[in-house]
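These notes concern the structure reproduced below.
The values are calculated or read from the model by the stated rules, or taken from the named source; none is laboratory data. What you see is a predicted model; the values in this text were computed from it and never measured. Neighbour counts run over all protein chains shown; Cβ positions are idealised from the backbone, glycine included. Note: accessible area is taken over every heavy atom of the protein model, side chains too, but ligands, DNA and RNA are not part of it. Shrake-Rupley method; radii C 1.70, N 1.55, O 1.52, S 1.80 Å.
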Amino acid sequence: VSHGDTRAYIESVAWSATRSYAIVMTHSHAEDFEILRRLLECPLRYLGMIGSTSKWKQFRRRLLEAGIHAEALDAVRCPVGIARTGQAPAEIAISIAAAVLADFHGKDDHHSVGLALRCGEASGDVPS
């Protein structure tokens, strides 16, 4: 979902620590940073951001310098999605959806979820 005035949108939502999921993915690192910084003030069940490990290290350092607590940053999933997926947009989207569903169903081990999906366990089609 794209919103012209991100700040107003974030402030207008009734966020819930048990029901709200947010994934940050824009065309701009600067915009990603500002959105993430604002979302870190919201009660969320899940907060993820698309990007590389190096992007996350840089963001984490800057957020710590800005006074964000390490515990809050530990909850951010970046890179978001299950482990070892492809780089095509559709594959990334499925990976992110799988990670969100895993969290929703209480499965937070993204590596295991990825293995289960590759092995067919998610559909009950477990190979023998």
* When each pair of different Cα atoms in the stretch 1-85 is counted once in the 1/r mean, what is the Kirkwood radius in angstroms, to one decimal? -> 13.2 Å
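Counting only protein heavy atoms and a 1.4 Å probe, tell me what percentage of the stretch 1-96's accessible area is made up of carbon and sulfur.
54 percent
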* Kindly provide the trypsin sites (Lys or Arg not before Pro) of the stretch 1-83 that DSSP labels as loop, not H, G, I, E or B, and whose Cβ sees at most 14 other Cβ atoms within 10 Å. => Arg19
* Förster radius 25 Å - calculated FRET efficiency between Ala88 and Ser16, Cβ distance, rounded to 0.05 -> 0.15
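Identify the GluC sites (Glu not before Pro) of the stretch 1-84 meeting these criteria: DSSP loop state and at most 15 other C-beta atoms within 10 Å of the C-beta.
Within the stretch 1-84, the qualifying GluC sites (Glu not before Pro) (loop, at most 15 other Cβ atoms within 10 Å) are Glu41.
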